[in-house]
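Novice: The structure follows.
The values are calculated or read from the model by the stated rules, or taken from the named source; none is laboratory data. Only a predicted model underlies this, so the values are computations on that prediction, with no experimental measurement involved. Every residue, glycine as well, gets a Cβ built from its backbone with ideal geometry; the counts of neighbours run over all protein chains shown.
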Amino acid sequence: MPSIKADKWIKRMALEHRMIEPFEDRQVRAGVVSYGLSSYGYDIRVTDEFKVFTNINSTVVDPKNFDPRSFVDVRADVCIIPPNSFALSRTLEYFRIPRDVITVCVGKSTYARCGLIVNVTPFEPEWEGYVTLEISNTTPLPAKVYANEGIAQVLFFQSDEVCEVSYADKKGKYQRQQELTLPKL
């Protein structure tokens, strides 16, 4: 990060370079799982579209030959993830990561304290798109996820130089994803 405060750097990058859209320049908390700008990162929101794992078709989960029948599509303000199960969703925010930045994304403690784990891979330099979110319910009970509210926090790390090869240079398979994206080979 440059010598300016982290939250001011994120705000500047979001407003001047469209790094995060839509961008909330403060932490929104009233009656919701918080989202928006935080001290060293940005709390992202989950949309109302989910793909919840199911075994009704007895398919095998295979990342090289993924069967979309492994999911049930849900569009709702609240998604119930079954016990010891998993759902995919995407962020409400669209990201454009600068060539000298990488991110780490971690789940919010409110959900973690309920046994929900959010797994998101790093947003590599020059990656762009809506983020596909992986949400695991590790409990023996059904668990709620609230659409359009906070789900995870993105932390930004800026290098003092640009990377040699960016995600865009590699023509990454998840570049510019516009929707919740299933595994690709």
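Novice: With Tyr94, Tyr130, Tyr111 as the choices, which residue is buried (at least 18 other Cβ atoms within 10 Å of the Cβ) and part of a helix (DSSP H, G or I)?
Specialist: Tyr111
Novice: Here is a follow-up. Residue check: is Val78 crowded, with 17+ Cβ neighbours inside 10 Å and of a type in the set (A, V, I, L, M, F, W, C)?
Specialist: no
Novice: Could you pull out the residue among Val61, Val104, Val78 that is of a type in the set (A, V, I, L, M, F, W, C) and under 12 Å from Val145 (Cβ atoms)?
Specialist: Val78
Novice: Sticking with this one: Could you go through segment 115-124 and let me know if any residue there is of a type in the set (Phe, Trp, Tyr), at pLDDT 95 or above, under 14 Å from the mean Cα position of the chain (by Cα) and closer than 29 Å to Gln158 by Cα.
Specialist: Checked against the condition, which is being of a type in the set (Phe, Trp, Tyr), at pLDDT 95 or above, under 14 Å from the mean Cα position of the chain (by Cα) and closer than 29 Å to Gln158 by Cα, segment 115-124 yields no hits at all.
Novice: More than 22 Å from Cys105 (Cα to Cα) and not aromatic (Phe, Trp, Tyr): which single residue out of Thr59, Thr47 fits that description?
Specialist: None of the other options fit; the residue is Thr59.
Conditions (1) part of a strand (DSSP E or B); (2) of a type in the set (Val, Ile, Thr), marked per residue:
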position	(1), (2)
Pro83	no, no
Arg99	no, no
Val145	yes, yes
Val154	yes, yes
Val165	no, yes
Leu182	no, no
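Novice: Given the conditions (1) part of a strand (DSSP E or B); (2) on the phi < 0 side of the Ramachandran plot, report the number of the one that Val32 does not fulfil.
Specialist: It is condition (1) that Val32 fails.
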